[in-house]
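Working notes, beginning with the structure itself.
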Amino acid sequence: MNKWLPCIGILMNFSAGSLATEIGTFGDVWAIAEQNLLTVIAGQVESAFLGNEEKIHQEWRERVTKNAERPEPVYGLTKAVRNTTRTFDPSFTVTKDIRDHNGRVFARKGQKVSPLYLEIWL
């Protein structure tokens with residue numbers, strides 16, 4: 001059976017090419033009656049903006065200004081009762097010597113390093 005598979009495949013390949021022929025037109029054929037959807041949308045957008053550009057821009061400016069001056073409240077977020085200040089120090093203590101690709105030590109064990117201070121790494 002396995003020796004016949006390549007033969008069957010070759011025969012099917014040749015037969016598929018011979019079936020691909022023009023058989024003509026059967027039945028009635030009509031032109032497409034629908035309008036192009038992109039053309040319809042473009043026409044609607046153009047008619048909505050035509051002559052109203054300044055009005056639309058003014059409404060947009062007013063809406064942006066209103067939202068910038070008094071934004072909508074965020075659900076679950078309350079106003080602060082008192083002012084607080086917190087500081088954050090991202091420094092860490094090196095637990096073992098860190099070397100670069102050339103073997104040069106650039107951070108020694110026990111050294112406190114701040115990732116925000118870049119000169120220590122150079």
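See the values below:
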quantity: Residues of the range 33-52 satisfying the condition of being more than 30 Å from the chain's Cα centre (by Cα) and loosely packed, with under 10 Cβ neighbours inside 10 Å; calculated: 33, 34, 35, 50, 51
quantity: Subset of the range 60-80 (residues that are closer than 24 Å to residue 49 by Cβ and not β-branched (Val, Ile, Thr)); calculated: 60, 61, 62, 63, 66, 67
quantity: Given (1) modelled with pLDDT under 85; (2) in a loop (DSSP other than H, G, I, E, B), index of the condition residue 82 fails; calculated: (1)
quantity: Every residue from the range 56-104 that is under 30 Å from residue 116 (Cβ atoms), surrounded by 10 or more Cβ atoms within 10 Å (Cβ to Cβ) and of a type in the set (D, E, K, R); calculated: 97, 99, 100
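The values are calculated or read from the model by the stated rules, or taken from the named source; none is laboratory data. Worth saying up front: this structure is predicted, and the values here are computed from it rather than measured. Reconstructed Cβ throughout: ideal geometry from the backbone, glycine too, with neighbour counts over all protein chains shown.
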